[in-house]
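Have a look at the structure below, then the notes.
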Amino acid sequence: MRRGLELAILILAALALGPALASGHALVIDYGVESVYIEAYYGGVRQTPVQYADVEVFYPDGRLYVEGKTDENGKFRFDPKFGKEWLVVVESVGHRNEKMLNLTAAGVGAGEAGRGEIPLYLKIFAGLGYILGIQGFFLWYKGFKQARQSKKKN
C-alpha cells in the first residue's frame, strides 16, 4: 500500500510540474527603447532565443512598417520615425505571438515582458500545493478506510 501511495505521489508531482517545464515552448516578446529593439525567446525554465524568426512591425492602422528576421540572439531592431503604438508580430516554426508597443506612454522599456505570465517560482509553489493537497486526500482516505474496517471488527 505504501509503495502505491509513493508511486501516486510521484506521478502527481510529474503532472503538477509538467506545465512549468512544458512552457519552454511559449514564445515571449520583450522590447527596449534605444532605437527600438525586439527580443524574442522561448520562455520556461530556461529562456532560449528565437533565432532567425520572422518579424513584422505594423503601423496602428494595420499597414506594414518594416519586416525582417531576428538575429542569433533573438533580437530585431527598427527605428520608428515617430512615437506611436506599433504592433509587433513574431513567428517561428509554428509559434506566433504579437505585442502592442506604446512608445508614447511613460516608462516604456525593458521589464514589461511576461506581464501576463505567472512567474516560475509561483508555478513551483502552486505545484507543491497541489501535491500536498492530493497527498492529504490520500491520507484522509486511508484513515477513513481504516476506521471503517475497525468498526466492522467491533
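Where a number appears in this text, it was derived from the coordinates with a stated rule and is not lab data. These numbers were taken from a predicted model, which means no experiment stands behind them. Quick reminder, even Gly has a Cβ in these numbers, built from the backbone with ideal geometry, and neighbours come from all protein chains shown.
Which of the GluC sites (Glu not before Pro) across the stretch 24-104 are loop residues per DSSP, with 13 or fewer other Cβ within 10 Å?
Details: sites: E34, E39, E56, E67, E72, E85, E91, E98; in loops: E34, E72.
Sparse-neighbourhood loop GluC sites (Glu not before Pro): E34, E72.
Assuming R0 = 22 Å, what is the FRET efficiency of M100 and E72, from their Cβ-Cβ distance, to the nearest 0.05? Let's see the in-between values first.
Numbers: r = 26 Å, r/R0 = 1.20.
Efficiency at R0 = 22 Å is approximately 0.25.
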In range of the label at S35: residues from the stretch 43-87 whose backbone nitrogen is under 11 Å from the point 7 Å along Cα→Cβ: 76-81
Long-range HN-HN contacts of V36 with modeled amide H, under 5 Å: F78
When each of K99/K123; K75/K123; K84/K123 is checked by Cα-Cα distance, pairs over 25 Å: K75/K123; K84/K123
Within straight-line cross-link reach of K153, aspartates and glutamates at Cα separation under 19 Å, skipping those fewer than 8 residues along the same chain: none
